[in-house]
Amino acid sequence: MLGPTRMERLARRVLALSGAEQTEVVLLAQDSALTRFAGSRIHQNVAESNIEVRVRVLDGMRAGVASVNDLADGSLRQAARNALSMARLQSKNPGLGPLPAPRTIPHVNCFARATADCTPHQRAGAVATICKLASDRGLIASGALSTATVELTVANSFGVIAYCPSTVAELSTVVMSDDSSGFALATSMDFRDIDAEQVGCEAVDKALRSRNPRPLAPGHYTVILEEYAVAEMVSTLSYLGFSAQGVQEGRSFMAGRLGQSVTGESISIWDDGLDETGLPCPFDFEGTPKTRVDLIKEGIAVAAVHDSQTAHRDGTMSTGHALPAPNSYGPLPANLFMAPGTMSRQQMLSRVNRGIWVTRFHYVNAVHPLRTTLTGMTRDGTFWIEGGELCYGLKNLRFTQGVLDAFATVRAAGSHTRLLPGMPGSVRVPALCIDDFSFTGATEF
Amino acid sequence: MRDITMRALNAAQLRGASYADVRLVRQETQSIVVKNGHIEAVSQNESAGLGVRVIVEGAWGFASSSKVSAPEAARLAGKAVEIARASGLVRSKKVSLGPAVVNVATYRTPIEIDPFTVPLEAKIALLLAADEAMRRIAGIAVAEGSMEFARESKLFASSEGSYVEQELVESGAGIEVTALGDGELQTRSYPNSFGRQQEKGGYECVLRQNLTENGERIAHETLALLGAPQCPSVRTTLILDSSQLALQVHESCGHPVELDRVLGDEASFAGTSFLTLDKLGSYRYGSPQVTIVADATVPGGLGTFGFDDEGVIAQRSTIIQNGILSGYLMSRETASQLGLPSNGAMRADGWNRIPIIRMTNINLSPGEWHFDDLISDTDDGIYMAVNKSWSIDDRRLNFQFGTQLAYEIKNGKLGRLLKNANYSGITPEFWGSCDAVCGPDDWRMWGLPNCGKGQPGQVAHVGHGAAPARFRNVQVGIH
């Protein structure tokens, strides 16, 4: 790790090299490792060390961005020059806002030493635990265990200077028999929180219970979506609608509907980069402190997230959701939360007479972005529910379903939430029981 | 650079590696985005580093760093060996790469105009002209245009004696229009989806696209789509244009013939494949009209190169021969499990990723039909063009694709424009229903710059050649 002093010194060195009216420097130093396994053996095992220096300049209502990963003076100077020369070749863009001014950045702990110090042998040990659990039951395990340490520094010529070290560990596995599979995933800031035994047991149990899957005709069914499936829907909904840029351009389902009911009253979704039950980060890629934003509250569309450019266009403040510049998405939530309900998963299950239990979705894509209609497949643990119990495994199904429509027919939400990877960042969601969920196709396994 | 590669290879072998390779890679990209008459983004990025891959006692290890120096190369070799020893704790049989591969060579993408020497002003002016052409049509919500140029300089050296230097150059551009109305959002893009049409080549690839000349047309089409009737839900005859067929080939043939997927190496993430080893040489994947080749040598193909990232020479091999599964995309390790040599499909997304099996250019061979004759020969059906959405299951059987454009076909003629068109099917049934493929005059190479795979994630740039083709009894209009 470079540490705050060296990162700040480097950022100030780059700022000093720029001759632009406004300059922003983003430093992203990363040490990461990933151990991947398949067929119950480690087949890929990698480590990476990198530091990216990204320079954004604003000069006469024109912007340019250049990045390098070489810290030599000449390379840094060239990056600053490239950014400025690209800006000065352009005509003025009167819609371009200034870089943000400094704001107080709250403290939040994002770092766990155990993750940063995790060794290849520790990762192999966790993988061995899962592979043994699988092989003891005649099953095959695959998956990945990753650990990463990231140091982010953002500085600009208005005096913004922000530094945050963070860590993340993630373990996922798919355990397979010859006709079934089960999935489990755990993620945390702290490697010590990752319980390989628990992850392995969850996946093994699913793979065993879903053996001899039966086909089911497509149609409308009551579903219980595990947290993995709900996270996929919430992340995709966020991508489709929670950016102020999408609202401004009319491409978001929120456009023209702020203040209106868009889902059932039980649905509340917000973003909070300071909540330590997520994967927090106190500021965004413009060095602006993250603020909690209620996106959907009790079914009402409340707000979208902003960076400095979308905020400038709307005459408001950035909410601290900028991504690295430039990007075509605009701002995005990176720390999503969905409000839990009051029922355990078992209680939800006991109230379903006939329905489908979905562990997770695969290859989800938008069919109609404004209607939030998505399509995708079920995967790694799909079951028929009858009389309040899981009866047998099902062959996988294709869904084509509006997210907002589904969130309007939620029967119950789980009392437990699970932290999962988002697009980008993280998402913490409960399981949901939803009526009238539309399956439009079926596959052969 | 030879001192750095030697240092890495020597250090790896001294520490116990039975095989080692090192890749030094420098990537430069320039991207320009214009939106609604303004420059949205201009950026220039450089990333350089080296990665060392080793086999120790039959297990893999890899370490990479952005510091390019001989001491760092030696340090990375030691780290890769340590990682490989950890891999050995959870191992089955020892990794075998088959016979040694020794190539000493250089390769450069042939280009006419180096895109990095073309003034930025000229590129911006071209995009703004296309943007103006799109916005000339009243009612457009968003007009966008983009260009992207990439140069990858890479050096591969192995403990077997390979030493391969390559410089690969890509150029791409595209425009897109969005229109909104009555709860509808419709998009048209040109020449393709995914932001741009990317090729291996110089700025001449961009000049050939005639972006400005197509701006008004796609703007008109977008507005027409807003008021068009919905694509009906019906089983019918489907004709796909070459760009949508390119994605169909990508998802339902390119991915399932990746041998790492077939062998289960991607099971936890991207998934496996229905094209299992027992099917090789006998399985009817499609109709006799369907022949698909993997060809890393096609001029201009986005998946064209001189050598893959294991130092194996670029080659052409048949994947589907007249409907029968006849080959896979292979690495040295996976090919050796079949007793075959690699067909050169290992590529890494930069210095900090290991090579994995990736598509090269996976091409549907041209048939004999002319497009106009194909339409004339179809009494009732739907013609769909240019991808809008895609999804397929984790063994690559059940798929659903949406397209930007669709037209009725009635009595051998294209009829009404339809909106929100999509179709669904099961891969071998779908390709089995193919009864006509258009010929060389309608055949075109398309570039897909966004193929994701692997953990940590890697993005590959791959190519697909295709001509329009006809499929019978396909389910369309899934709403």
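FYI, it's all coordinate maths here, none of it is from the lab. The structure presented is a predicted model; accordingly, all values stated were derived computationally and were not measured. Cβ atoms come from the backbone with ideal geometry, glycine included; neighbour counts cover every protein chain shown.
Brief remarks on what is shown
- Annotation: aspartates and glutamates with alpha-carbon distance below 13 angstrom to A:Lys132 (same-chain offsets under eight excluded): A:Glu197.
- 3J(HN,Hα) from dihedral phi, the range A:388-398, Karplus parametrisation 6.51/-1.76/1.60, rounded to Hz, x for glycine, proline: x, 9, 6, 9, 7, x, 10, 5, 5, 10, 9
- Compared with the dominant principal axis of the Cα atoms in chain A, helix A:120-136 is inclined by about 20°.
- Each of A:Gly320, A:Ala412, A:Thr382 was scored by the projection of its Cα onto the charge dipole of the range A:213-445, and the greatest displacement toward the positive side belongs to A:Thr382; charges sit on the C-beta of Lys, Arg, Asp and Glu.
- Alpha-carbon centroids, the range B:420-479 and the range A:407-436: separation in whole Å: 33
- Note on the range A:3-199: with charges restricted to the Cβ of Lys and Arg (+1) and Asp and Glu (-1), its dipole about the Cα centre is near 820 debye.
- Measuring between their Cα centroids, the range A:19-96 and the range A:342-362 lie 45 Å from each other.
- Estimated [θ] at 222 nm from DSSP helical runs (n ≥ 4, -39500 (n - 2.57)) normalised by residues in chain B, nearest 500: -6000 deg cm²/dmol
- Computed Rg/Rh of the range B:234-476, alpha carbon atoms with Kirkwood Rh: 0.97
- The helix-based estimate of mean residue ellipticity at 222 nm for chain A, built from -39,500 (n - 2.57) per DSSP H run of four or more residues and divided by its residue count, is -7000 deg cm²/dmol to the nearest 500.
- For the range B:2-226, dividing the convex hull volume of the Cα atoms by the residue count gives 169 Å³ per residue.
- Think of chain B as having a plus end and a minus end, set by charges on the Cβ of Lys, Arg, Asp and Glu; of B:Leu263, B:Val118, B:Phe274, B:Leu263 sits farthest toward the positive end of this dipole.
- Dipole magnitude for chain A: computed about the Cα centre from +1 point charges on Lys and Arg Cβ and -1 point charges on Asp and Glu Cβ, it is near 580 debye.
- Once both labels are positioned 7 Å from their Cα atoms along Cα-to-Cβ, the gap between B:Arg208 and A:Thr5 label points is 5.7 nm.
- Shielding score for B:381-394, defined as the mean number of other chain Cβ atoms within 10 Å: 4
- Beta bridges per DSSP, both residues in the protein assembly as shown: antiparallel share near 90 percent.
- Charge-dipole axis of the range A:213-445 as Lys and Arg at +1 and Asp and Glu at -1 on Cβ define it, positive-most pick from A:Leu274, A:Asn353, A:Val305: A:Asn353
- Semi-axes of the equivalent ellipsoid of the range A:213-445 are 32, 17, 15 Å, computed as sqrt(5λ) over the eigenvalues of the C-alpha gyration tensor in descending order.
- Panel values: chain A, Kirkwood radius from alpha carbon pairs, Stokes-Einstein at 10 °C and 1.306 mPa s, translational diffusion coefficient 68 µm²/s.
- Pairs spanning more than 18 Å between alpha-carbon atoms, out of B:Lys35/B:Lys388; A:Lys206/A:Lys395; B:Lys94/B:Lys279; B:Lys93/B:Lys279: B:Lys35/B:Lys388; B:Lys94/B:Lys279; B:Lys93/B:Lys279.
- Relative contact order, percent, the range B:1-117 [alpha-carbon distance under 8 Å, six or more residues apart]: 24
- Length gained on full extension, B:Asp380 to B:Ser233: 51.5 nm, using 0.36 nm per residue less the C-alpha separation.
- Average partner coverage of B:465-478, which counts Cβ from other chains inside 10 Å: 1
- Amide H contacts of A:Leu394 (H built 1.01 Å from N, in plane; Pro and chain starts excluded): A:Arg214, A:Thr382, A:Phe383, A:Trp384 sit under 5 Å, all sequence-distant by 5 or more or on other chains.
- Average Cα contact separation per residue, chain B, under 8 Å, 6 or more apart, as relative contact order %: 16
- Cα centroid of the range A:173-198 to Cα centroid of the range B:85-154, whole Å: 35
- Note on the range B:155-200: Cα Rg divided by 2.2 N^0.38 Å, N the number of residues, gives 2.16.
- Residues whose amide H falls under 5 Å from that of B:Leu329, counting only those 5 or more places apart or on a different chain, are B:Glu258, B:Leu259, with hydrogens built in the peptide plane.
- Average Cα contact separation per residue, chain A, under 8 Å, 6 or more apart, as relative contact order %: 15
- In this Cβ point-charge picture (+1 for Lys and Arg, -1 for Asp and Glu), chain B has a dipole of about 1300 debye about its Cα centre.
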